[in-house]
């Protein structure tokens with residue numbers, strides 16, 4: 001196996017690793033939220049402030065975390081993945 005192929009394989013594995021990790025984090029967060037809604041309504045109805053329940057706050061946090069996970073992936077792709085692809089394709093000088 002050539003060095004070029006080995007580096008490309010490592011890069012592909014790292015992309016899958018980060019994508020699966022972020023996806024798993026999002027799935028756990030989302031389904032945890034849904035399970036809390038389904039099985040612990042009194043907890044989710046707990047008022048944190050007038051007009052703000054724990055359920056509303058957690059729902060907003062799920063959305064914000066999805067944005068953060070997306071930002072992490074895009075940042076990683078733009079700084080590491082794309083740079084390595086350019087390097088491997090020969091479009092950038094070594």
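Helix 54-76 and the longest principal axis of the C-alpha atoms of the chain enclose an angle of approximately 10°.
Say R0 is 30 Å: what FRET efficiency, to the nearest 0.05, do residue 85 and residue 30 get from their beta-carbon distance?
Values: r = 31 Å, r/R0 = 1.02.
About 0.45, to the nearest 0.05.
Subtracting the Cα-Cα distance of residue 60 and residue 19 from their residue separation scaled by 0.36 nm leaves 12.5 nm. Can you tell me the orientation of helix 3-39 relative to the chain, as the angle in degrees between its alpha-carbon axis and the longest Cα principal axis, to the nearest 10? Compared with the principal axis, the helix lies near 10 degrees. Under the simplified labelling scheme, the residue 72-residue 38 pair shows an inter-label distance of 2.5 nm, with each label point 7 Å from Cα along Cα→Cβ. Pick from 48, 18, 37 the residue whose mean-square fluctuation is largest in a GNM of the chain, springs joining Cα atoms under 10 Å. Among 48, 18, 37, the largest GNM mean-square fluctuation belongs to 48. This structure gives mean projected area of the Cα convex hull in nm², computed directly, and of (1) 5.6; (2) 8.2; (3) 6.0 that value is listed as (2). Taking 49, 12, 24 in turn, the Gaussian network model of the chain (Cα-Cα springs below 10 Å) assigns the largest fluctuation to 49.
Just so you know, all these numbers are worked out from the coordinates, no wet-lab data involved. Everything quoted here is computed from the prediction, not taken from an experiment. We place every Cβ from the backbone using ideal geometry, glycine too, and count neighbours over all the protein chains shown.
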